[in-house]
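Every number in this text was worked out from the coordinates using simple rules, so none of it is lab data. Computed from a prediction, not measured in an experiment: that's the story for all the values here. Note that we place each Cβ from the backbone using ideal geometry, even for glycine, and neighbour counts take in every protein chain shown.
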Amino acid sequence: MSDMLDGVTWYRGSSVRIRRAGLEIHVDPLGVEPGSRADCILLTHPHYDNFSEADIDRLRTPETVVVAPATMKKLLDDADHFMRAGDMVQLDGVDILAVPAHNVDKRFHRPEDGWLGYVFTVGGVTYYHAGDTDFLPAMFGIRCDVAFLPCGGHYTMGAEDAARAASACAAKIIVPIHWGEPHGTRDDAERIREMFSGRVHILEREA
């Protein structure tokens, strides 16, 4: 099971890097160290801590594929694929499904904004990056091996709903993200262990 996490780095917030099967995939890159080069960049929404143009420029090469919500077209008109929830795209070595990501009882991330999470398969492992979201019934339609789930509990769902989301999508491993700055603590991430029957792997931030 640990092999599913080989090549996985959490930088901060929602910023995750996966190096697998010869590919480097970044979701919401932020604080990425110099020298990284992305094969694919997945953007969930345009908040400042998810959409860092400086990090995108640092990672991007002429071959990099950039994927973003369709509602970000005015901000990033040169992305390669603009997606809505339910859209799928097959790239060289990675299949990507866009899924909804929004709040239910708060207005930081509204359903009408059309922002996204992603389910993507690379090197035989299926990852689910939930984006900034609360628990949604749509998660029952997701199947993944590894789920990157926010648990800060202010802008996103908290620990209880992160465990609920992981069970809904039949994840084998949860990697808690979006905690510690400024909302949510390591204790929140640790509490998921009490509520989830699978494995909870808490990464240290790299940035």
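Observations on the structure shown:
- Listed residues Glu160, Glu53, Glu63, most fluctuating in the chain (Gaussian network, C-alpha, under 10 Å): Glu63
- Within the chain, helix-based [θ] at 222 nm, where runs of 4 or more DSSP H residues each add -39,500 (n - 2.57), nearest 500: -3500 deg cm²/dmol
- Sorted by Cβ density within 10 Å, fewest first, the residues His201, His178, His129, His109: His201, His109, His129, His178
- Viscosity 1.002 mPa s, 20 °C: Kirkwood-radius Stokes-Einstein D of the chain over Cα pairs, µm²/s: 129
- For region 2-200, the relative contact order is 14 percent, taking Cα pairs closer than 8 Å that sit 6 or more residues apart in sequence and dividing their mean separation by the residue count.
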